[in-house]
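The values are calculated or read from the model by the stated rules, or taken from the named source; none is laboratory data. The model shown is predicted, which means the values in this text are computed figures rather than measured ones. No Cβ is skipped: glycine too gets one built from the backbone with ideal geometry, and neighbour counts run over all protein chains shown.
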Amino acid sequence: MSGIRAERLCAEMDGEFVVFLIGMRINKLWKVTSWLPVIQAMPRMLIELSKKPDLGLLHFRTHFGLRNIVVTQYWRSFEQLEAYAKAAGSAHLPAWQAFNKAVGSNGDVGIWHETYVIRPGQYENVYNNMPPFGLGAAGTLVEAKGARKAARDRLKATT
C-alpha cells in the first residue's frame with residue numbers, strides 16, 4: 001500500500017494552529033435544489049484554498065455519511081481563516097450569501113462549523129501503519145518514541 005508508514009509516529013506543529021470542522025446535514029432528501037448547491041460549494045472553496053497556500057489552509061479531509069458531510073481543516077491561524085471567510089473575492093462569501101438567500105433557516109439543509117485554536121502543549125496524536133493523516137498530513141511527522149512514546153509525554157513534547 002502506497003504511502004503507508006509502517007512505524008509509530010506523531011505529528012507536531014510549529015506554534016499555534018486552528019482545527020476547523022465544517023459540515024452540512026441533508027434534512028429533507030427530496031429538496032435537492034436546497035442541498036445540492038451546498039454540496040457543490042465546498043469543493044470550489046477547497047480548490048481555491050489549495051491553489052493559494054498563503055491563505056493559510058494547511059490540510060483538509062472530507063468525510064461522507066448518509067445525510068452528513070464533514071470537512072476537517074487545519075489552518076495556520078484563526079486570523080487567516082476569518083480573513084478568508086470574509087474576503088469579498090473568495091469563493092466562500094458568495095456561497096454563504098446564496099445559502100442564506102435560498103435556504104436560510106427553512107430547515108431543508110443544516111450547516112455548522114466548530115473552530116478550535118490549539119496552542120503548543122494542548123494536543124497530542126499518534127499514528128501507526130498509516131499514511132500521513134489528519135494533523136500528520138498538516139504538520140511534521142516524527143517518531144513516537146522516547147519523550148513522545150506516551151500520550152502525556154507527547155503533550156509535554158509539543159510545548
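Here is how the numbers come out for the structure above:
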read-out	value
So residue 35, is it over 23 Å from residue 140 (Cβ atoms), touching a residue at least 60 places away in the same chain (Cβ under 8 Å) and of a type outside the set (A, V, I, L, M)	yes
Residue 51 outside the structural domain of residue 25 (by TED's automatic domain parsing), closer than 26 Å to residue 13 by Cα and not aromatic (Phe, Trp, Tyr)	no
Members of region 1-50 that are more than 18 Å from residue 63 (Cα to Cα), charged (D, E, K, R) and not in a strand (DSSP E or B)	14, 16, 28, 31, 48
Of all residues in region 17-36 being more than 18 Å from residue 70 (Cβ to Cβ) and surrounded by 14 or more Cβ atoms within 10 Å (Cβ to Cβ), the one that is modelled with the highest pLDDT	17
Contacts under 7 angstrom Cβ, first residue in region 54-81 being on the phi < 0 side of the Ramachandran plot, partner among the basic types (Lys, Arg), 6 or more apart	58/76; 67/25; 68/25; 72/61
Filtered residues of region 66-104 (kept if in a loop (DSSP other than H, G, I, E, B) and crowded, with 17+ Cβ neighbours inside 10 Å)	76, 90, 91, 103
Count - residues of region 97-152 that are more than 30 Å from residue 40 (Cβ to Cβ) and over 23 Å from the mean Cα position of the chain (by Cα)	9
Among the residues listed as 121, 107, the single one being surrounded by fewer than 18 Cβ atoms within 10 Å (Cβ to Cβ), assigned to a loop (DSSP other than H, G, I, E, B) and touching a helix residue (DSSP H, G or I) at 6+ places or on another chain (Cβ under 7 Å)	121
Unmet requirement for residue 85, which otherwise passes all of (1) without any contact (Cβ under 8 Å) to a residue 24 or more places away in the chain; (2) touching a helix residue (DSSP H, G or I) at 6+ places or on another chain (Cβ under 6 Å); (3) not assigned by TED's automatic domain parsing to the domain that holds residue 28	(3)
Selection from region 134-159 of residues that are surrounded by fewer than 17 Cβ atoms within 10 Å (Cβ to Cβ) and either outside any helix (DSSP H, G or I) or of a type in the set (Asp, Glu) (or both)	134, 140, 142, 143, 145, 149, 150, 153, 159
